[in-house]
1. Would you give the gap between the C-alpha center of the range 195-214 and the C-alpha center of the range 168-187, rounded to a whole Å?
2. Provide, in order from the shortest bin, the percent of all Cα-Cα pairs of the chain in each 20 Å bin, continuing until the bin that contains the maximum pair distance.
3. Can you give the Kirkwood hydrodynamic radius for the range 152-254, in Å, rounded to one decimal and based on Cα pairs?
4. Could you tally the net charge around residue 149, taking each other residue with its Cβ under 14 Å from the Cβ of residue 149, Lys/Arg +1 and Asp/Glu -1?
5. How far is helix 359-375 tilted, in degrees, relative to the longest principal axis of the Cα atoms in the chain, given as a value from 0 to 90 rounded to the nearest 10?
6. What does the net charge come to around residue 20 if you take all other residues with beta carbon closer than 10 Å to its beta carbon, with K and R at +1 and D and E at -1?
7. Quote the relative contact order of the chain in percent (integer), defining contacts as alpha-carbon pairs under 8 Å separated by 6+ residues.
8. Suppose we flag GluC sites (Glu not before Pro) only when DSSP calls them loop and at most 15 other Cβ atoms lie within 10 Å. Which is the longest uninterrupted stretch of the chain?
Amino acid sequence: MTPTLLQILVVVDVQGAVSAGELVALLPDQRDERRILSLCEDGGAPRVVRHGTDAGPIDWIGLARAVERVAAIVRDTSERRILHLYIGGQAPLPVFAHLGYVLSKFAGTQWLLARRQPGAPLERFSLASTGAPGDLLVLHGLPTEPSPAAGEVAVYIDVLARYDPDALRTAVAAGGGQLTAVAKLLPEAALTVDPDNAGALAAELDRKLTQLAARYRHASIGLFLGGPTSLAFLAGRAINPNVVATTTLYDHHGKHYAPVYTLPFDVRSEPALPDDPASVAARADVDALLRAAIESLQVDIIERDLSAALPPAEQPAFLRRLAALRHAGPDRVDFSLSLAHGTFSFGAGLLEALRNGAPDHQRRLAILLVLHELFHDRQDIRSTN
């Protein structure tokens, strides 16, 4: 039986305004099947807001779990299929590095849907290596002999010849690590990642990070990235977990780096929900009660109830969006609400947490939670968990 061609698009929609339609428009028509996976919708990723009045702390563990969930869907769905994988969107650099790490070069043929420069049109960047390996980046800090040192090797990768070793040392110390050495991969002049060099750059990072890991067999890696997202994906993709035991991802915000989490990510840190018949039935009862509370709310609420929260001109549209919401079932782990799909789900995790609560408290929490998250639409936050 001839394997079928499966086309998967991973929409990285955790930050800014990401148009899935704009990404889909770049996909070729040739395929037997196409799946579109959203980091928010399918992975349950939290939104990232770094600027403005709605800025808040980033839920890095939630982001990591979302990446792992979507990667597991890709692996399971593509088993015994010919996979063409496309990745595009917006997120902090550690998220793209993590995606590259878990999807890796072994997961079928891959393309990035990215921009050469901010504001430039989206293009397809093939990651297939063509021609002889290049030297777009210079590796500094590679010892001539294998080192017996343990600890953490800070690796800085950027498309600009900029570098602040003190910032790396400070970040490793802040995370409780012991800095063993500092290495950097930098261009001799400013480098633009584009469709013509992305494949060669992927192969080069793979080769040079493997060389570095071979010199520091007993050390872990601390990955510091200067951008863009395409480079971050390629860097994560080049780290071989069979050679590098652990890799700590660092995020740069403001003038500082901070550790966010370590790869391979331990998905077991997410507590398992009890699956005995009594627990499953109890969660189903809570879900039915919460769903009934929202259905009553959709019927009973009027514009006057919103006078303290919304201007009069926005109240009718808010009520229409609320009335259009439909329950998507309790099969998800996390709470989710999507205006794009007009659905909401309380999620098994929340149902488990509420199962021993008083029914009136359960109803009130459900109403407040849905109204609160629906209110985010006026802030251009279109999905939540």
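Please treat every number below as a calculation from the coordinates, not as lab data. Since we're looking at a predicted model, the values are computed, not measured. Positions of Cβ are backbone-derived with ideal geometry, glycine not excepted, and every protein chain shown enters the neighbour counts.
1. Distance between centres, Cα-based: 21 Å.
2. 25, 51, 22, 1
3. Working: mean 1/r = 0.0717 Å⁻¹.
Its Kirkwood hydrodynamic radius stands at 14.0 Å.
4. So the environment of residue 149 carries a net charge of 0.
5. Taking the Cα atoms of the chain, the angle to 359-375 is about 60 degrees.
6. Numbers: positive: none; negative: 13, 22, 41.
For residues surrounding residue 20, the net value is -3.
7. On the way: 692 pairs, mean separation 56.5, N = 385.
Computed value for the chain: 15 percent relative contact order.
8. Numbers: sites that count: 79, 188.
The segment 189-385 is the longest one with no such site.
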